[in-house]
Amino acid sequence: MAGGYTILRVDELEREYGKWVLLRRALGVQSFGMNLVEIPPGGDIPAHDETQRGQEEVFVFLSGSASMIVEGEKHPAPAGTYARVDPHTSRQVVNEGDETAAVLIVSAPTSSGYEPMDWA
């Protein structure tokens, strides 16, 4: 990070485990988690919860046509879909489409102390 900011383009980012782009690490983010997952057709983000870490997660579906499975209930999640999940809630993302689904995940512990601005 030079001069208090970081700017990177998607083609400059390293992939981990084939489909994970560790944006938090690449950008030097310290106050919340942020990763891009590029899920190939037939792939998924395995079912899990974040109870142990107390993480609230937001999923932003950027491209493709995936499904978000929350507590066993499947919800279509085409590009332009947003989902927020409590730490204790089971979540999974599956790509049953024919093209790669790109999903941005942003997370932070619910105990982080974040306070929204009055107007937000």
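The values are calculated or read from the model by the stated rules, or taken from the named source; none is laboratory data. Just so it is clear, the model here is predicted, and its values are computed rather than measured. Counting neighbours? That spans all protein chains shown, and the Cβs are built from the backbone with ideal geometry, glycine included.
Overview of values
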quantity	calculated
Scope the stretch 13-28; condition touching a residue at least 12 places away in the same chain (Cβ under 8 Å) and farther than 19 Å from PRO40 by Cα; matching residues	ALA26, LEU27, GLY28
Matching entry among ALA101, ALA120 (being touching a Pro at 6+ places or on another chain (Cβ under 9 Å) and among the hydrophobic types (A, V, I, L, M, F, W, C))	ALA101
Inter-residue pairs, beta-carbon under 6 Å, first closer than 20 Å to GLU99 by Cβ and in the stretch 62-83, second assigned to a loop (DSSP other than H, G, I, E, B) and of a type in the set (Ser, Thr, Tyr), 6+ apart	GLY64/THR100
Exclusive hit being surrounded by 15 or more Cβ atoms within 10 Å (Cβ to Cβ), touching an Asp or Glu at 6+ places or on another chain (Cβ under 7 Å), closer than 30 Å to GLY3 by Cβ and polar (S, T, N, Q), set SER67, SER107	SER107
Subset tally (residues that are within 10 Å of GLY97 (Cβ to Cβ), small (Gly, Ala, Ser) and assigned to a strand (DSSP E or B)) for the stretch 39-61	0
Among the candidates PHE59, PHE32, residue that is among the aromatic types (Phe, Trp, Tyr) and modelled with pLDDT of 95 or more	PHE59
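Here's the yes/no breakdown for (1) under 22 Å from MET34 (Cβ atoms); (2) of a type in the set (S, T, N, Q):
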residue	(1), (2)
GLU56	yes, no
PHE61	yes, no
GLU71	no, no
SER90	yes, yes
VAL94	yes, no
THR100	yes, yes
VAL106	yes, no
PRO109	yes, no
GLU115	yes, no
